[in-house]
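The values are calculated or read from the model by the stated rules, or taken from the named source; none is laboratory data. Since the structure is predicted, the reported quantities are computational estimates derived from the model, not experimental observations. We place every Cβ from the backbone using ideal geometry, glycine too, and count neighbours over all the protein chains shown. Calculation scope for accessible area: heavy atoms of the full protein, side chains included, ligands and nucleic acids excluded. Shrake-Rupley method; radii C 1.70, N 1.55, O 1.52, S 1.80 Å.
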Amino acid sequence: MRTLLLLSLMMIGAVFTADLPTWPTDFRWSSAGRVPGYDCIIILELADPHTWSDNYLCWRSGKTNPGIRWQSWGPISGMRCIRILETADPHTWSDNYLCEPNNSPYKFSWSSAGAIAGKSCLQWHESADPHTWDDNYLCANSQLQQREAVFPEDFWFHSAGVLSGYDCLRILELADPHTWHDNYFCWRQEVRDPGMRWSSAGPISGMRCTRILETADPHTWSDNYLCVPHSSKLRFHWSSAGQIRGRRCLQWRETADPHTWSDNFLCV
């Protein structure tokens, strides 16, 4: 039961690894079917008669599925959604949404009147639709321009919810009753997503993992791991008894937990 619950929590709105497709270079728009060498989701408005049955948003095959979803009848609960609206089109485009996981790095925005200044944009062009589908763009901050996160300056551990201005990874041990449901390891939003994952059920296959162990805590902390892609420059070391000499460290502190969570440090 515990394993099933863990898997459920991991799957809801989660992006798992750093090998996500890079925006915009790994993405393609097609108004004429799927693109060879790419994985795609269909962008379909059933009420629109102008050949929307073969329109796709695609990303390069071999990359991690970014978890993007399309819905033509409102936003998807539990995801971060933007409305894909063309006001000149009468065919019920007012309730169409493109959604991404809440911890997705893309943070999409939409324009039906040209590319958005300061963002990297991908045109959505349907030449068969007469309702001004020639100036519509899906935009995001270019990941090619984002710098790599610097440890510990760009990171923060927070024991009271997600921090404003940061993207965060939830640090959860379900067996621990001492308010671990609101603990997050965060990094600044302006840096590249480091692709970290948390597991409270052993190391994650295919990643480089560091055991997060507090021997004084009886609540199954022996199988908790913080993992990064093998390509990551972040080579973490953990100490449950103060900072590691000669390394740069960030404290992980949960004041509500009585089991010596006042001297735990993540270091590189």
Check whether at least one residue in the range 230-244 is within 15 Å of Ile204 (Cα to Cα), touching a Gly at 6+ places or on another chain (Cβ under 9 Å), modelled with pLDDT of 90 or more and assigned to a strand (DSSP E or B), and report yes or no. no
Could you tell me whether Arg69 is in contact with a strand residue (DSSP E or B) (Cβ under 7 Å, 6 or more places away or on another chain), farther than 19 Å from Thr132 by Cβ and surrounded by fewer than 15 Cβ atoms within 10 Å (Cβ to Cβ)? yes
One residue is enough: does the range 117-124 have a residue meeting the conditions modelled with pLDDT of 90 or more, under 19 Å from the mean Cα position of the chain (by Cα) and surrounded by fewer than 18 Cβ atoms within 10 Å (Cβ to Cβ)? no
Scan the range 166-176 and tell me whether some residue there is over 15 Å from the mean Cα position of the chain (by Cα) and farther than 17 Å from Asp257 by Cα. no
Which of the residues belonging to the range 80-131 are touching a residue at least 40 places away in the same chain (Cβ under 8 Å), of a type in the set (Phe, Trp, Tyr) and more than 15 Å from Pro24 (Cα to Cα)? Trp93
Hey, Asp134 hits all of (1) farther than 19 Å from Leu46 by Cβ; (2) out of contact with any Phe, Trp or Tyr (no Cβ under 7 Å at 6 or more places or on another chain); (3) open to solvent by 40 Å² or more (accessible area, probe 1.4 Å); (4) at pLDDT 95 or above but one; which does it fall short on? (4)
Scanning the range 137-161 for residues that are open to solvent by 90 Å² or more (accessible area, probe 1.4 Å) and either of a type in the set (A, V, I, L, M, F, W, C) or in a loop (DSSP other than H, G, I, E, B) (or both), which turns out modelled with the lowest pLDDT? Leu144
For the range 162-179, which positions are of a type in the set (D, E, K, R), in a strand (DSSP E or B) and open to solvent by less than 80 Å² (accessible area, probe 1.4 Å)? Asp167
Considering only residues of the range 180-205 that are open to solvent by 60 Å² or more (accessible area, probe 1.4 Å) and in a loop (DSSP other than H, G, I, E, B), which is nearest to Leu163 (Cα to Cα)? Gln189
Give the residue that is farthest from Asp154 (Cα to Cα), with candidates limited to residues of the range 245-255 that are at pLDDT below 95 and part of a loop (DSSP other than H, G, I, E, B). Thr255
Here's a check for you: in the range 25-40, which residue that is of a type in the set (A, V, I, L, M, F, W, C) and buried (at least 16 other Cβ atoms within 10 Å of the Cβ) is nearest to Gln123 (Cα to Cα)? Trp29
Hits in the range 210-229 (condition: modelled with pLDDT of 95 or more, open to solvent by less than 40 Å² (accessible area, probe 1.4 Å) and not aliphatic (A, V, I, L, M)): Thr210, Cys227
